[in-house]
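The values are calculated or read from the model by the stated rules, or taken from the named source; none is laboratory data. Computed from a predicted model, the values in this text were never measured in an experiment. Note that each Cβ is placed from the backbone with ideal geometry, even for glycine, and that neighbours are counted across all protein chains shown.
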Amino acid sequence: MTITLILLALIMVTFVGWLFSQSINVKPWVAETGKTQLPSPVPHFFTAPRVGLMVFLAVVTSVFALSISAYMMRMEMSGDWRSVPEPGLLWLNTASLVLASVVLQIAWRAATHGNRQRLQRFLIMGGVLTIVFVLGQFVVWQQLSAGGYYMATNPANAFFYMLTALHALHLLGGLAAWGRTVARLRGGAGLARVRASVELCTLYWHFLLVVWIAVFGLILAT
Amino acid sequence: MAMAIVLIVLALGSVAFYFFSPWNLTPLASNWGAIDGTIDITFWVTGAVFVAINLFMAVAILRYRYKQHKRAHYQPENKKLEAWLTALTTIGIAALLAPGLFVWGAFVTVPEDAHEVEVIGQQWHWSYRFPGEDGEFGAVRMGLVGNGNFFGVDPEDSRGQDDVLVQSPRVLLPIDRPVKVTLRSRDVLHNFKVPQFRAKMDAIPGQASYFWFTPTKLGEFEAVCAELCGVAHFAMRGRVDVVEQAAFDDWLAEQPTFGDLAAREPGDTEAGAELYVRCVACHGPQGGGQQATNAPRLAGLDAGYLTRQLHNFRDGVRGTHDGDRFGQQMRAFAMSLQGEGDIRDIAAYIETLPIEPARSTITGDAQRGERLYRTCANCHGAQGQGMPAFNAPRLAGMNDWYLVRQLHHFRDGIRGRHPQDIYGSQMVDMAQILVDDSALRDVVAYISSLSEAPTVTGGDQGSEEG
Amino acid sequence: MGEREYDAGSYVPPAEVEEMELVHPKTFIGKYIWSQDAKVIAIQYGITATAIGLVALVLSILMRLQLGFPNSVSLIDPSSYLQYVTMHGMIMVVYLLTALFLGGFGNYLIPLMCGARDMAFPYLNMISYWVYLASVLILVAGFFIPGGSTGAGWTLYPPQAINPGTPGVDGGIILMLVSLAVFIIGFTMGGLNYVVTVLQARTRGMTLMRLPLTVWGIFMATVMALLAFPALLVAALMMLLDRLLGTSFFMPEMLSMGETAQREGGSPLLFQHLFWFFGHPEVYIVALPAFGIVSDLIATHARKNIFGYRMMVWAIIIIGALSFVVWAHHMYVSGMNPYFGFLFATTTLIIAVPTAIKVYNWILTLWRGNIHMTVPMLFAIGFLFTFVNGGLSGLFLGNVTVDVPLSDTYFVVGHFHMVMAVAPILVIFGAIYHWYPKITGRMLNDTLGMIHFWVTFLGTYAIYYPMHFIGLEGVPRRYFAYGETTFISDSVQALNAAITIAAIIVALAQLLFLFNLAWSYFRGRESGPNPWHATTLEWQTPHTPPRHGNFGEELPVVYRWPYDYSVPGAKHDFIPQNVPPEEVER
């Protein structure tokens, strides 16, 4: 549980620190006069979709941190752990996910610079690379079960399938949002409207890349 | 107004309830007086806070109840007061926590001179293991359970050969000697709890947990299961008899070791056949049972159950109640058997007899019985085939008139109330769900319809039954 | 769903954050079924949660009948008793309390109290309700499948939960786990809304330190739920894999129906850690909204500002944060490494300090107030009494040594029902009496309300207080019957019968409450916009009940905190949050 606690503590500290800055030295019972122009209580950077994504990422962090904690506790608790071999394909998959992240970053930049063609090209490329990743993961499963590494035979296998499936599911959710964005872009929606979606997709992809590196690292290390 | 009075009455009444209610901690029978001490401290501190807060609230409600031309006082906060209250609370909490942690330190530290016993939980039965002369337990694995190895002791492990195995739910412990209780489970979670000892802990399959205590009072104590373990959780009972050291030593010496049990010869069916001659008159040549002589079918019962019942009859655990006339007859016959070997032989022989379903003599609503049987199926099997692992005999194909009579006996406490008849007492608890005679007949009518069930033999049962 | 149209009037010039476009459907279905209006969604949550809660109430009465009058009802056998125990617990904790506080009160009050037109993501909010409804239906399906719902206890401890022989192991446990997973997905959708709305959609002038404590409580509970529910999700997924695909996450080498099961090495304790990592914050997920709401009830009806507002806010935050590091106090006798006991007893008792401070501040708010003994106030005081009682008995169970003899007895049953069943439910009732006029425009009947309060308050105390004492005697919980024991005194049976009668009376009183809700909707006295003379924004809406969009043309501007009651010098004893200082009547 240590990992989970550390991550949650980080989330909590950020959150509490921000609350503290908002509330320290405030005397809530003092009313303001109506004459002064009241300041906006929310900084401009934080738009609702951005904050929504951040909160959602905190939830996903919690899901993966707990799964990884469970992984490590289960590994320590008994002697039946036999590590899964790592098929070389995993490295290729990782590379395609890294590329997807980079490409989406380029697409985001294109969106901020108003370059519609470039945006469309790189956005689609990012999605395709991700689909390659998910299909690659599927092939890895096939390889493993062909090699006799079934889910029920060992907890290491079970965790491998569970974690990769959980991660792939999150990517598929992201691909749904990506598909909608692409459709809107091709349908001729205004750049300004699409930009927010591209940005959210990109951030989400970066996040899932970090998660994948953590999961992959864990599997390599144990 | 009413609210204030109610608050005062409830607060004081709650405290009075503590002093005057008939329910309180059971009399302590172990060294854990310190646990009772922490409970007392907590009662005093929380009681005082409870009364103080509620009286304050009652006074506030009375004094500051709504008046039309009055205004409430305006005071957003009072830092000094809040700091004081925080500090006082912290001190109070520390006063509760410190003794608790101190006693916990003792609780987790087993004394050097403690002797050991292992308590094994299974659905819905307790058994025990002592480490034997070498003072060490042999390794156990659930995968090894079977073929008479009830505990799953590893036969390769030399430490396990002298382990003393107590398969009955009754165990003896010597007085005034600290004992480390190691807990294991064969299936699901259990919790070995004797309220008078205060200490308790869960038993978890796949790992061992522990606690320790020193029994300080002679006597018989009932152990219950305190962690939900399935349908018969409420009927999972054990017994701890605290005795003098000498009595304990004698008792322990009588119990078989793992080595004894492994070396024990299986029952001799030929000798059993000769012994069975005396049963023929009532139970019939093939053990088919005869209603005319009120003797039930024996064929189809597993050796474990037969051995246990013969012991029960012989030791006066069964067949001594005035309401059980036929049981009294049986007791006379059982006492004519010459001991351990005879009982094993005869049981082994009866197991070889062929099963033919008995004719049904009872009418009842089998459909209603099917729903009632749901509870029975947990131990006796969905087909009534009997499950030796649960100490539950076969029901399918047995004489229905006999089942009805025994269910009556269980329900009315004629059978199963003897303190040493632990499984019988489970049946007493279970038979209570048969609220009337028609329910009883219905469930037996359903059991009669199950007569095609497959046979089951001895399984992993030894023959040391309580 | 029909065509959605964008009403020209729905677009109002920005007041604070960007104005949102609201979907204003014209059809009945669009308005009341597929509605994106947080208020309608709140009512939907409320009705669904109440309906499933009534099922759980009936289950509890069945259990009480068996305990009070053993074997008098032939319907109840040991299997079904355990099924009732399990379903009652899970429904009450997750599907009633969590859903009602966050989905019900959260949806209704957050936008109104923050001065927002609606939730930040109304479409997601709507989906959240339908996913919740699906989870409830999946759960209820368990009653009707062969083998019935699961009887593993609401904690669903493995190996028992998925071991053959346990009631409902064929289908019930699968439906339960799937339903929980679906619930969590639905809740995450709703939870994102509540958090983002509080953070982003507050109206001009509504700083964090001017939020009513109700919003603080619901907000913090949502943050905790978002971080804690994943633990249950992960545990449920792993258990599903164990049950369906034969993995051994939680299943050790063990016997099952007398045979060696094909499992090895799994850890039942791992599940307990995951479960309580969710389970303990869950207690506060239920408690914090109650804390918040009761603060507002007390302040409003005592006509006095809440004492120590800043302390109250920080207590909520500290309780929320600490509740993530106390989970193993549910596992003192679970067989985990006993040295954890030192750590978790300490953290658990530390959490008592901020909780005690909240209690002090509530009663200090009453002190020198001008207390109206309205029905909501009665419920608030009932909460205080019950909560103090339940909180103090928590000091027994949280202190590791004291817990050893008391765990798994009726002391625990008494404690948690007092602190997280009766106390929050009293707040829910108080809140309904308080906000019903805003939701419907009519007052609830006072006489019926008084009867409802007294029967519920006194009745529940009669049910749960004596339970502590039979627990002290050692009576174990989750027992179908007690049979013959040497340590349980005979009078316990008489007490159990008395408790059962009290429970039936309390349950009947709830029917009175339902009648009151229905009757007052048509016949209740007209309430006007602000019957309690309250300061918070929801009472200042131009329409009662508020229309979609909440605040008409212009969003309100906030000048003050929500507790300006009995301000010296002002003409009235309350100043709404949106009244600028120069407009206050002197």
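Scanning region B:400-434 for residues that are of a type in the set (G, A, S) and part of a helix (DSSP H, G or I) yields B:G424, B:S425, B:A431. Of all residue pairs spaced 6 or more apart or on separate chains, those with beta-carbon atoms under 9 Å, a first member in region C:471-497 that is closer than 20 Å to B:T375 by Cα and a second member that is assigned to a helix (DSSP H, G or I) and charged (D, E, K, R) are C:F480/B:D429; C:A481/B:D429; C:Y482/B:D429; C:G483/B:D429; C:E484/B:D429.
For every residue, the table says whether it meets (1) farther than 22 Å from B:F150 by Cα; (2) in contact (Cβ under 8 Å) with a residue 40 or more places away in the chain; (3) in contact with a helix residue (DSSP H, G or I) (Cβ under 6 Å, 6 or more places away or on another chain).
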{"residue": "B:A263", "(1), (2), (3)": "no, no, no"}
{"residue": "B:T269", "(1), (2), (3)": "yes, yes, yes"}
{"residue": "B:A273", "(1), (2), (3)": "yes, yes, yes"}
{"residue": "B:R278", "(1), (2), (3)": "yes, yes, no"}
{"residue": "B:Q286", "(1), (2), (3)": "yes, yes, no"}
{"residue": "B:G304", "(1), (2), (3)": "no, yes, yes"}
{"residue": "B:L310", "(1), (2), (3)": "no, no, yes"}
{"residue": "B:V317", "(1), (2), (3)": "yes, yes, no"}
{"residue": "B:H321", "(1), (2), (3)": "yes, yes, no"}
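Return the residues of region C:197-232 that are at the interface with chain A (Cβ under 7 Å from one of its Cβ atoms), closer than 30 Å to C:L177 by Cα and in contact (Cβ under 8 Å) with a residue 40 or more places away in the chain; say none if nothing qualifies. C:L227, C:P230, C:A231 - these are the residues of region C:197-232 that are at the interface with chain A (Cβ under 7 Å from one of its Cβ atoms), closer than 30 Å to C:L177 by Cα and in contact (Cβ under 8 Å) with a residue 40 or more places away in the chain.
Total residues in region B:47-66 satisfying the condition of being facing chain C (nearest Cβ under 7 Å) and over 15 Å from C:L384 (Cα atoms): the figure is 3.
Of all residues in region C:46-66, none are among the charged types (D, E, K, R) and surrounded by 23 or more Cβ atoms within 10 Å (Cβ to Cβ). Among the conditions (1) outside any loop (DSSP other than H, G, I, E, B); (2) away from chain B (no Cβ under 13 Å), the only one that C:L444 does not satisfy is (1). Every condition in (1) more than 9 Å from chain B (Cβ to nearest Cβ); (2) farther than 29 Å from C:T346 by Cα; (3) crowded, with 24+ Cβ neighbours inside 10 Å is met by C:A235 except one, and the failing one is (2). Of the residues making up region B:21-67, those that are under 29 Å from B:L7 (Cα atoms) and assigned to a loop (DSSP other than H, G, I, E, B) are B:S21, B:P22, B:W23, B:N24, B:L25, B:Y64, B:Y66, B:K67. Residue count for region C:103-130 under the criterion of being within 14 Å of chain A (Cβ to nearest Cβ), part of a helix (DSSP H, G or I) and aliphatic (A, V, I, L, M): the result is 3.
Looking only at strands (runs of 3 or more DSSP E) that fall completely inside region B:156-213, which ones have 2 or more residues that are more than 14 Å from chain C (Cβ to nearest Cβ)?
B:164-166, B:170-174
Inspection of region C:501-515 identifies no residue that is without any contact (Cβ under 8 Å) to a residue 12 or more places away in the chain, surrounded by fewer than 20 Cβ atoms within 10 Å (Cβ to Cβ) and not in a helix (DSSP H, G or I). Limited to region C:262-296, what total is found for residues that are surrounded by fewer than 24 Cβ atoms within 10 Å (Cβ to Cβ), farther than 22 Å from A:M72 by Cα and touching a residue at least 60 places away in the same chain (Cβ under 8 Å)? Total meeting the criteria: 1. With the structure loaded, tell me whether B:H69 is more than 9 Å from chain C (Cβ to nearest Cβ) and surrounded by fewer than 18 Cβ atoms within 10 Å (Cβ to Cβ) or whether it fails that test. In short, yes. For region A:60-87, which residues satisfy the criterion of being of a type in the set (D, E, K, R) and over 28 Å from A:W205 (Cα atoms)? Result: A:R74, A:E76, A:D80, A:R82. Within region C:170-178, is even one residue surrounded by fewer than 24 Cβ atoms within 10 Å (Cβ to Cβ) and modelled with pLDDT under 95? Yes, that holds for at least one residue.
Within region C:148-156, can one find any residue that is away from chain A (no Cβ under 14 Å) and in contact with an Asp or Glu (Cβ under 6 Å, 6 or more places away or on another chain)? No, region C:148-156 contains no residue that is away from chain A (no Cβ under 14 Å) and in contact with an Asp or Glu (Cβ under 6 Å, 6 or more places away or on another chain). Which residue out of A:L135, A:L129, A:L172 is part of a helix (DSSP H, G or I) and crowded, with 17+ Cβ neighbours inside 10 Å? Result of the check over A:L135, A:L129, A:L172: A:L129.
On the stretch given as region C:308-351, residues that are at the interface with another protein chain (Cβ under 8 Å from one of its Cβ atoms) and in contact with a Gly (Cβ under 7 Å, 6 or more places away or on another chain) total 2. Suppose the filter is in a loop (DSSP other than H, G, I, E, B) and over 30 Å from C:R263 (Cβ atoms); does A:A189 pass it? Against the criterion (in a loop (DSSP other than H, G, I, E, B) and over 30 Å from C:R263 (Cβ atoms)), A:A189 qualifies.
In the set (1) closer than 24 Å to C:P437 by Cα; (2) assigned to a helix (DSSP H, G or I); (3) touching a residue at least 40 places away in the same chain (Cβ under 8 Å); (4) small (G, A, S), the condition left unmet by C:G89 is number (1).
Within the set C:V492, C:V558, the sole residue that is β-branched (V, I, T) and in a helix (DSSP H, G or I) turns out to be C:V492.
State whether the residues of region B:87-97 include one that is within 9 Å of chain C (Cβ to nearest Cβ) and in a loop (DSSP other than H, G, I, E, B). No, because not a single residue in region B:87-97 is within 9 Å of chain C (Cβ to nearest Cβ) and in a loop (DSSP other than H, G, I, E, B). Among the conditions (1) touching a strand residue (DSSP E or B) at 6+ places or on another chain (Cβ under 8 Å); (2) modelled with pLDDT of 85 or more, B:G259 misses just one, which is (1).
Only one residue in A:L200, A:L163, A:L209 is touching a Ser or Thr at 6+ places or on another chain (Cβ under 8 Å), under 30 Å from A:G114 (Cβ atoms) and surrounded by 13 or more Cβ atoms within 10 Å (Cβ to Cβ). Which one?
Numbers: A:L200 fails: touching a Ser or Thr at 6+ places or on another chain (Cβ under 8 Å); A:L163 fails: under 30 Å from A:G114 (Cβ atoms).
Matching residue, one of A:L200, A:L163, A:L209: A:L209.
From C:T486, C:T535, which residue is in a loop (DSSP other than H, G, I, E, B), within 14 Å of chain A (Cβ to nearest Cβ), farther than 30 Å from C:G30 by Cα and among the polar types (S, T, N, Q)? Sole residue among the options that is in a loop (DSSP other than H, G, I, E, B), within 14 Å of chain A (Cβ to nearest Cβ), farther than 30 Å from C:G30 by Cα and among the polar types (S, T, N, Q): C:T535. Among the residues of region C:538-548, just one is under 13 Å from C:T203 (Cβ atoms) and assigned to a loop (DSSP other than H, G, I, E, B), namely C:T541.
Mind listing whichever residues of region C:570-583 are in a loop (DSSP other than H, G, I, E, B), within 12 Å of chain A (Cβ to nearest Cβ) and either of a type in the set (G, A, S) or within 19 Å of B:Q75 (Cα to Cα) (or both)?
The answer is C:A570, C:I575, C:P576, C:Q577.
Set side by side, the residues A:A111, A:A158, A:A107, A:A70 differ, and just one is within 14 Å of chain C (Cβ to nearest Cβ), surrounded by 15 or more Cβ atoms within 10 Å (Cβ to Cβ) and more than 20 Å from A:I213 (Cβ to Cβ), which is A:A158.
Give region B:416-434 a look and list any residue that's over 15 Å from B:A235 (Cβ atoms) and either assigned by TED's automatic domain parsing to the domain that holds B:Q167 or modelled with pLDDT of 80 or more (or both), or say none. Matches in region B:416-434: B:H418 only.
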